[in-house]
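The values are calculated or read from the model by the stated rules, or taken from the named source; none is laboratory data. Just so you know, these numbers come straight off a predicted model, no measurement behind them. Cβ sites come from the backbone with ideal geometry, for glycine too, and all protein chains shown count toward neighbours. Just so you know, the surface numbers come from the protein's heavy atoms only, side chains and all, with ligands and any DNA or RNA stripped out. Shrake-Rupley method; radii C 1.70, N 1.55, O 1.52, S 1.80 Å.
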Amino acid sequence: MSVERVTLRPVAEHDLTVMERFLTEPRTAEPFQWFGWWDTRRWRSQWAETGLITEEAGHLLVVRDDERLGFVAWRKVVSSRTTHYWNMGIALLPEARGKGVGTEAQRQLVRYLFAHTLVMRIEADTETDNIAEQRALEKAGFTREGVLRSVVFRDGRWRDGVKYSILRDDIDADASRD
């Protein structure tokens, strides 16, 4: 799978079936994103209202040519009365994992968010057992900040998470080295 041709684009109505697989098919979301069945209409209703992009949050589809590979998402985190940053994540279909797609898609989302918003910080979280995602985030330029104990309940038990961040200055420093 060529990661050079991986791009992000707005979600079209026919793409919602790909996203809904993460809510209805345990095998698609496992091993780290299956939290049981829940509101399978949530993305359809949000898409009908906003196209899944607002000032508070957004979703973009990860594609290679016409092949739909998954999606990236972000949400606003308010840290003070005058300040916010983004928290972002990714969900890839099983057949797209382990091929560099996650690294490239997350790198593109970071560049997109820094290019089109004023935030200084973007963060991402994953479970401590999700080594592949930790590697992808680090390859995309994120810095590991620490472990969050018992931060997520999944599959009958509490699990530790890892917090990562990337700052606007990190991207600027990388660009000056090129």
- prompt: When only Cα pairs under 8 Å and 6 or more residues apart are kept, what is the percent relative contact order across the chain?
  reply: 18 percent
message: Highest mean first, how do 42-49, 130-137 rank when packing is the count of other Cβ atoms within 10 Å averaged over residues?
response: 130-137, 42-49
Solvent-accessible area per residue for the stretch 1-156 (1.4 angstrom probe, square angstrom): 56 Å²
- request: Calculate the spin-label point distance for Asp39 paired with Glu55, positioning each point 7 Å from the Cα along the beta-carbon direction, and give it in nanometres.
  value: 2.1 nm
query: For Arg154, which sequence-distant residues (separation of 5 or more, or a different chain) have an amide H within less than 5 Å of its own amide H, given hydrogens modelled in the peptide plane?
result: Arg159
message: Checking the a/c ratio against 1.5 first, then a/b against b/c, what shape does the Cα gyration tensor give for the chain?
response: rounded
task: For the stretch 79-178, just say rounded, prolate or oblate: build the C-alpha gyration tensor, square-root its eigenvalues into a ≥ b ≥ c, call rounded for a/c under 1.5, and beyond that prolate if a/b exceeds b/c, oblate if not.
output: oblate
- request: Give the carbon-plus-sulfur fraction of the accessible surface of the chain in %, rounded to a whole number; probe 1.4 Å, heavy atoms of protein chains only.
  value: 51 percent
